[in-house]
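Just below is one structure, and these are the notes that go with it.
The values are calculated or read from the model by the stated rules, or taken from the named source; none is laboratory data. All values reported here derive from a predicted model rather than from experimental measurement. Methodologically, a virtual Cβ is constructed for each residue, glycine included, from the backbone with ideal geometry; neighbour enumeration extends over all protein chains shown.
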Amino acid sequence: MRPVNRPRLLVLVLASALLTTLVGAAAAQDVRRLGARDVAGLLQAFYDQTTTLETRFSQRQYTKVYDRVDEAAGRVVFKKPGRMRWDYDAPNGQVFVSDGRTLTIYQPPEEGERVGQVLERPVSDDQLPAAFSFLTGTGRLGRDFRMRLLDPARQGWGDVEGGYVLECRPREASPHYERVLFYVRVLARGERQAAVIQRVLIVDAAGNTNRFDFEAAGMRFDGEVPDARFAYEPPEGTRRVRP
């Protein structure tokens, strides 16, 4: 079986994207003095009020043992509860679909092959649904993670005004990842604030990284997304592979 180029959960969401929310309860705080829980609260508040999100993403995946970088791009859509779909641009052409219970992965035929292959597995067996569960309404940042803020300058985020890097480590050990970094911009808008996620970086225990950047232009919130979009049917003749 060919190796799967996993998006490895989320939004999710989400690889430069602008996810904005106005939070009146945090209005009196100075954005330069927010703590980790304050930043997480702004992010969680947005997703609590959002039912669907659709945008383009770019992905940069580093595999340490081979010292190899793979890059790809495509379109992602999230819908509560627990649903997501990642459609990769050509020449990659892969599709990852979760209906909240099962993750379906389609790989198109490679050069010299006539048909592609598809496999299915529980969402609990993959990195992406686990790391981005709060984006799909099945997880909570404060409940599921231990959080702290990292130095933005050391994380390549120092030139972003109001920029924060929120490191989240799962309270229960996960075989899929060790920590998730959310690159966040918090902006003051008069007496209100806006929380913005522009990048997500997933790091596993072996030192492999999976980075997603989300495109602001054309980002669509709370749009009509039919449930049928998360019931993927591969092309006729596709080979089914047992994991």
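Some notes on this structure:
- Listed by first and then second residue, the pairs with beta-carbon distance under 6 Å, at least 6 apart or on different chains, first residue in the range 59-76 and in a helix (DSSP H, G or I) and aliphatic (A, V, I, L, M), second modelled with pLDDT of 95 or more and surrounded by fewer than 16 Cβ atoms within 10 Å (Cβ to Cβ), form an empty list.
- For the range 223-242, the set of residues classified as surrounded by 11 or more Cβ atoms within 10 Å (Cβ to Cβ) and assigned to a loop (DSSP other than H, G, I, E, B) consists of Gly223, Val225, Ala231, Tyr232, Glu233, Pro234, Pro235, Thr238, listed by residue number.
- Within the range 144-158, the set of residues being closer than 23 Å to Leu103 by Cβ and out of contact with any Cys (no Cβ under 6 Å at 6 or more places or on another chain) comprises Asp144 only.
- Top-ranked residue of the range 206-222 - restricted to ones that are among the small types (Gly, Ala, Ser) and at positive phi, ranked as surrounded by the fewest Cβ atoms within 10 Å (Cβ to Cβ): Gly218
- Here Glu161 fulfils each of the conditions (1) touching a Cys at 6+ places or on another chain (Cβ under 8 Å); (2) assigned to a loop (DSSP other than H, G, I, E, B) apart from (1).
- If only residues of the range 108-130 that are closer than 23 Å to Val200 by Cβ and surrounded by 19 or more Cβ atoms within 10 Å (Cβ to Cβ) are counted, the one that is nearest to the chain's Cα centre (by Cα) is Leu128.
Each row is one residue, and each column tells you yes or no for (1) assigned to a strand (DSSP E or B); (2) over 18 Å from the mean Cα position of the chain (by Cα); (3) of a type in the set (D, E, K, R).
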position: Leu42; (1), (2), (3): no, no, no
position: Phe57; (1), (2), (3): yes, no, no
position: Gly93; (1), (2), (3): no, yes, no
position: Tyr106; (1), (2), (3): yes, yes, no
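- Filter result (within 18 Å of the chain's Cα centre (by Cα), part of a loop (DSSP other than H, G, I, E, B) and at pLDDT 90 or above) within the range 194-221: Asp204, Asn208
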